[in-house]
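Each remark here refers to the structure printed beneath this line.
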Amino acid sequence: QVRLKVEVKQKSDQGRGVAIVGTGTYTRSGTTITVTKNAHGLAVGDGVGFDVTSGNGTSGDYQVETVPSANTFTVTDSASGTTSGNVDFDTLTETVVTDGVSVTTIKKRGTPVFFNKPFVDIEAVTATSNNDVANAAIQNFTVVDFNDVANPTKFHVFIFAFNGDQIGGTFTWQCRGR
């Protein structure tokens with residue numbers, strides 16, 4: 001007779017984030033992209049997503065590597081080279097080719113949040129807007145977009161005003177899982 005005891009340890013994770021809206025500019029030297037966005041509010045390790053609208057930078061979700069100033073931050077690109085252009089923090093443009101037909105969609109881009117620890121599965125994830133005094137007059141709600149896959153690494157947060165406009169601001173998040 002064999003007895004097997006399986007113990008699943010639950011763990012939790014939490015943090016803060018900054019939802020950025022609007023546009024900015026970037027330069028890439030080697031694999032380092034330096035993004036300029038006035039008063040961005042980001043810290044090292046925060047998630048940020050942007051769509052490159054000009055130049056040859058790579059659109060995507062990134063973790064902030066450095067914060068040289070209140071108006072600039074750096075991320076690491078998967079590509080290398082020298083280029084510059086503009087970025088959009090609000091939208092995500094995706095082109096899918098099916099059977100030789102190309103379809104481009106433009107949708108709202110959420111702020112990526114990368115987990116601080118590894119998870120096999122997430123049971124719950126929440127985010128709450130902490131909009132500062134400058135935005136306190138705007139009633140808002142927070143939406144979490146989480147793709148339930150094995151070994152998840154991130155999710156996305158959106159902050160919307162009650163009229164449906166996507167807005168920026170700070171938020172806190174927490175999750176639990178195994």
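To the nearest 0.05, what FRET efficiency results for Ala150 and Thr58 with a Förster distance of 22 Å applied to their C-beta separation? Here the calculated transfer efficiency is 0.25.
Could you sort out which of Lys11/Lys108; Lys107/Lys154; Lys37/Lys108; Lys5/Lys117; Lys9/Lys117 sit more than 23 Å apart by Cα distance in this structure? Over 23 Å apart, Cα to Cα: Lys11/Lys108; Lys5/Lys117. Here the spin labels are modelled as points 7 Å beyond Cα on the Cα-Cβ line, and at Thr172 and Lys5 they lie 3.6 nm apart. Checking (1) 30, 22, 18; (2) 41, 21, 15; (3) 28, 19, 14 against the coordinates, the calculated semi-axes √(5λ) of the Cα gyration tensor in Å falls under label (1).
Per residue, region 1-140 exposes 58 Å² of accessible surface when a 1.4 Å probe is rolled over the protein heavy atoms with every protein chain present. Annotation: Thr93 carries an accessible surface of approximately 60 Å², with a 1.4 Å probe and no ligand, DNA or RNA atoms counted. Residues considered: Thr91, Thr31, Thr74. Largest GNM mean-square fluctuation over the chain, using C-alpha springs under 10 Å, is found at Thr31. Rolling a 1.4 Å probe over the protein chains gives Arg28 an accessible area of about 20 Å². Using a probe radius of 1.4 angstrom, the carbon and sulfur fraction of the accessible surface of the chain is 50%.
The length gained by stretching the chain between Val120 and Glu65 to full extension, at 0.36 nm per residue less their Cα-Cα distance, is 17.2 nm.
The values are calculated or read from the model by the stated rules, or taken from the named source; none is laboratory data. Predicted model, so just to flag it, every value in this text is computed and none were measured. Neighbour counts are summed over all protein chains in view; Cβ atoms, including those assigned to glycine, are modelled from backbone coordinates with ideal geometry. Please note that ligands, DNA and RNA were not included when accessible areas were found on the heavy atoms of the full protein model with its side chains. Shrake-Rupley method; radii C 1.70, N 1.55, O 1.52, S 1.80 Å.
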